[in-house]
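The structure appears below as structure tokens.
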Amino acid sequence: MKRFVGFVRKEFYHIFRDKRSLFILFGMPIAQILLFGFAITNEINNVNIAILDQANDVTSKEIINKIASSKHFSIVDVIQQESSIESIFKKGKVKAVVQFENNFGNNLIKKKQANVQVLTDATDPNMASTISNYISSILKKYQQELNKNSTIDYQIIPQSRMVYNAELKSVYMFVPGVMTVILMLVSAMMTSISITREKEQGTMEILLVSPLKPFQVIIGKVFPYIFLSVINAIVIVLLSIFVFNVPVNGSLFLLGVESVLFIITSLALGILISTISATQQTAMMISLMGLMLPTILLSGFIFPISSMPLPLQVISNIIPAKWFIIIVKGIMLKGIGIGYIFKETAILVLMTLLFIGISVKKYKIRLE
Amino acid sequence: MGITVSNISKSYGKVTALSAISFDVKPGELFGLIGPDGAGKTTLFRILTTLLIADKGQAAVAGYNVLNDYKSIRKSVGYMPGRFSLYQDLTVEENLNFFATIFGTTIEENYDLVKDIYVQIEPFKNRRAGKLSGGMKQKLALSCALIHKPKVLFLDEPTTGVDPVSRKEFWEMLKRLQKKGITILVSTPYMDEAALCDRIALIQDGKILEIDSPSAIVSHFPKPLYNINADNMYGLIESLTKYEHTYSIFPFGEFVHYTDKWDSMDKESLKAYLESQGLTDIHIEETQPTIEDTFMELAK
Amino acid sequence: MKNKNVIEVENLSKLFGDFAAVNNISFQVKAGEIFGFLGANGAGKTTAMKMLIGISSPTSGKATVAGFDVYKEAESIKKNIGYMSQKFALYDDLTVKENITFFGGIYGLSKKQIDQKRCELVEELGLKEVTNSLVASLPLGWKQKLAFSVSLLHEPKIVFLDEPTGGVDPITRRQFWEMIYKAAHNGTTIFVTTHYMDEAEYCDRVSIMVNGKIEALDTPKKLKEHYKTDTMNDVFLKLARG
């Protein structure tokens, strides 16, 4: 145990004395989250929309006026039938259609609730979510004004529907994605680099010729990164909750456990990379090309998997990040429990065991 | 309890690094492996420290077989690889502490063994190893290799790239360690260091040329050896190369070391020949061969 | 020509912060001379050499190399010197031929000149069989001899050799020195650092640096007489140990 503690202490010295790795460890997550966050929550201005007013009463007119007077939207078309919606979207003239149901005003007064449908063109999912949020807030404001002067609780219910991108791609999607990329980067790349550095400097020779068992060396090398990656995951979640108001609908504990699992998966990959590369440079190249790119491109983080060509869809299954993104999305955004993500978790566990198995097999107690 | 090596061979692909090497190092002996880069010294060290497996042959260190008892060997040897393998970003003290910990000991426990060496670098104990001079790195690496009281010490080219002062100090340290009963196998490309070992093996191209005590090796030099100098070194070498009785010539410091084809050589006619080549200030006198002379004679 | 100074150094210093790595050194090297530049690790040899080959700017003092000022004419210096170090000499992953072509090219030799030089050089070093082999596959000694020849390709006035023979076997080491003698005989000035003290004796003159200063500078013979020792090794030990 004392040996282990000594080893881990040494690893921390390495990490804290290397400005570069410190930056990757802590600067990168924060920078990425902020970049993605602000790039995505950009304000919208003068977005073209169309109105389908099936009620055509006083209340609907009032709301349409409110929307028209907002600087965010300009109404460029008024359509008469539901069947025109598709063609108007196809022409690309508008980004959204606001549809008032029949008897909107009456429903509101008699049933105390009325429906507004907000249809958005979700080929640009971020834009679509933002639009529907803005319109919802205009409706909410109108509803509040209405309720202020009355004892009755009127409700206007906005129903958002995305067209062309049925799978809900919320603006919050970037949080699971960025979290995945960062955990992968820190865990896999940093461990593989730190192990190959020992090979390069010749210190691995001395460690091998010491009574330390190989698994002690490996555990000693990866332990600090588990710790640091967990801190990173926490920082990311806190940032997204407090800076971007992303909700965590599910259990934080479950999220934590799943994150640790994914961190271990990535570390195992990092160890695997270090067993096949002799220099830090090779380790870095393999981590970037072999892990980072697939994690960003094929995991569903940026491009929806369902719209990929079939071969890539098949390949995406062997990318651990794909499963982790599904898990995080489920827990954070949908609030589901372990029952719904059991399969994904099991796949990650299997992958981890496989990677560890291969690395242990490939790890040499000698030099060649 | 020393080291025994019998018929060890090792190849990397087509390149033969070691071919059928055999020798013994007695317990408590300071044994030198003397040879240039590429002679196979590092490969041999790696086989003996259990880092590589030989293609053929047997070897034992401190009584343990290098193949089967590698765990016992790793507990009882100290190893200092070629480039001083230290953690450049750790301080002197942190390095030593780390190596003590992984061997399950502490600096205090074995301080008496490393004290001699460590006191010389202790003033810099808070300096990062990467910022030390070559000589100090070498001392730190030696301290680290000694901190767990090894029975056998392997030092692979500990003095390469280190200046003569540090080299001299280093050998003095080795002599003191030897007195404490540690068996030492050391390799070096510097022939002048060979004389400081109890016994040496001259090694080149994976083969051992000769094994003996330095004085015995020198006495095996087959021919009388002469120091020759003149006013113009380049002219002297040129002329001697062309001389019909020349057996071997090698520049050697301010002289040229010369051996003749015949056992009874004629100094006067050589001098006359050199003068006829336009050289002046010619001195020829017999001299004692060195290990380097023997090495060159054997390697020819 | 023979007695012209090709390197002139006057009160040259290089400071790193408060630390004087090179402290006020002065010396001259004559054309065609073999000049040994010795010193313990950290004595300032490498720093001084870097200033002379134009890749590091001095803090103060004057120095000219091949008649060019180290402050203002570093580029001209680089064209007129050859440089070879133990750490880097040739590209291991290029063949002998490719290395020669590359280094000839960066010094602006024409294709015809390179071809001619290559033939001469390969012939002289006996490398005909291996011209198309990777340098990595050559024995260290051959590599170093080849590297030295390559550093002479553009017929520089001065060659700087930084520990050229480290780890090389004794026979090749001597063949290397014979090449140095030959180059010097043909008028090239040799500026060499080494850790082998017997090699110091091969030099026409030797300077020994201790803690950033030149503590001794003379012919090996006179140094040995002055310090009353038999070998340069002892001279060095006396000086460097203070």
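Values computed for the structure shown
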| item | result |
| --- | --- |
| Buried solvent-accessible surface, both chains (B, A), 1.4 Å probe, Å² to nearest 100 | 2900 Å² |
| Protein accessible area in the stretch C:143-229, 1.4 Å probe - carbon and sulfur % | 45 percent |
| Scattering curve values for the stretch B:201-276, log₁₀ I(q)/I(0), Debye with Cα scatterers, q = 0.22, 0.24, 0.27 Å⁻¹ | -1.01, -1.10, -1.27 |
| Intensity falloff of the protein assembly as shown expressed as log10 I(q)/I(0), Debye formula with alpha-carbon point scatterers, at q = 0.04, 0.07, 0.09 Å⁻¹ | -0.31, -0.74, -1.02 |
| Residue-normalised accessible area of the stretch C:103-242, given per residue in Å² at a 1.4 Å probe | 43 Å² |
| Proximal aspartates and glutamates relative to C:K157, as straight alpha-carbon distance under 12 Å, when same-chain residues fewer than 8 apart are discounted | C:E33 |
| Kyte-Doolittle mean at least -1.0 and Cα axial length at least 20 Å: DSSP H helices in chain C | C:170-185 |
| Within the accessible area of the stretch A:47-163 (1.4 Å probe), percent carbon and sulfur | 46 percent |
| Accessible surface buried upon C-B contact (total; probe 1.4 Å; Å², nearest 100) | 2600 Å² |
| Inter-probe distance in nm under a simple model that places probes 7 Å from Cα toward Cβ, at B:K207 and C:K182 | 2.7 nm |
| Dipole magnitude of the stretch B:3-219, debye to nearest 20 (Cβ charges: Lys/Arg +1, Asp/Glu -1, about Cα centre) | 360 debye |
| Per-residue mean of C-beta atoms belonging to partner chains within 10 Å, peptide C:163-175 | 6 |
| Cα lying deepest toward the dipole's positive end in chain A, options A:L35, A:V217, A:V246, charges on Cβ | A:V217 |
| Selected from C:K62, C:K128, C:K14 as most flexible by GNM, with chain C as the system and alpha-carbon contacts under 10 Å | C:K128 |
| The stretch B:3-219 - accessible surface per residue (Å², probe 1.4 Å) | 36 Å² |
| For chain A, alpha-carbon Rg over 2.2 N^0.38 Å | 1.26 |
| Mean Cα-pair separation over length for chain B, i.e. relative contact order, pairs under 8 Å, 6 or more apart, % | 20 percent |
| Residues in the stretch B:250-267 that, when all protein chains are in place, have 40 Å² or more less accessible area than the chain alone would give (probe 1.4 Å) | B:P251, B:G253, B:E254 |
| By average C-beta atoms within 10 angstrom, highest first, the peptides A:225-238, A:81-94, C:99-112 | A:225-238, C:99-112, A:81-94 |
| Over the stretch A:47-163 - Rg/Rh using Cα atoms and the Kirkwood inverse-distance radius | 0.96 |
| C-alpha long axis of helix B:233-242 to longest principal axis of chain B, angle in ° | 70 degrees |
| Chain B: most fluctuating residue of B:M136, B:M265, B:M80 per GNM, C-alpha cutoff 10 Å | B:M265 |
| Neighbouring partner chain Cβ atoms per residue of B:158-167, average, 10 Å criterion | 6 |
| Whole-Hz couplings from phi, Karplus 6.51/-1.76/1.60, listed for the stretch A:59-70; x for Gly and Pro | 4, 5, 4, 4, 5, 4, 4, 4, 5, 5, 7, 6 |
| Assigned charges on the beta-carbon of Lys, Arg, Asp, Glu; the protein assembly as shown dipole about Cα centre (debye) | 3400 debye |
| Protein-protein interface of the stretch A:183-219, residues with accessible area decrease of at least 50 Å², isolated chain reference, 1.4 Å probe | A:Q201, A:T203, A:E205, A:I206, A:V209, A:P211 |
| Cα-based equivalent ellipsoid of chain B: semi-axis lengths in Å, sorted from largest, via gyration tensor | 42, 23, 16 |
| Size of charge dipole - the stretch B:225-298 - debye, nearest 20, with Cβ of Lys, Arg +1 and Asp, Glu -1, no other charges | 160 debye |
| Expected-Rg normalisation [2.2 N^0.38 Å, Cα atoms] applied to chain C | 1.02 |
| Percent accessible area from carbon and sulfur atoms, the stretch B:3-219, protein chains only, probe 1.4 Å | 49 percent |
| For the stretch A:47-163: relative contact order, % (alpha-carbon pairs under 8 angstrom, 6 or more apart) | 28 percent |
| Lysine pair number, Cα distance threshold 25 Å (strictly under), the stretch A:171-362, separation 8 or more or different chains | 13 |
| Residue-averaged [θ]222 nm for chain A, counting only DSSP H segments that reach four residues, each worth -39500 (n - 2.57) | -18500 deg cm²/dmol |
| Averaged over B:95-104, number of beta-carbon atoms from partner chains that fall within 10 Å | 5 |
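The values are calculated or read from the model by the stated rules, or taken from the named source; none is laboratory data. What you see is a predicted model; the values in this text were computed from it and never measured. Glycine gets a Cβ as well: all are built from the backbone with ideal geometry, and neighbour counts include every protein chain shown. All accessible areas refer to the heavy atoms of the entire protein, side chains included, with ligands and DNA or RNA removed. Shrake-Rupley method; radii C 1.70, N 1.55, O 1.52, S 1.80 Å.
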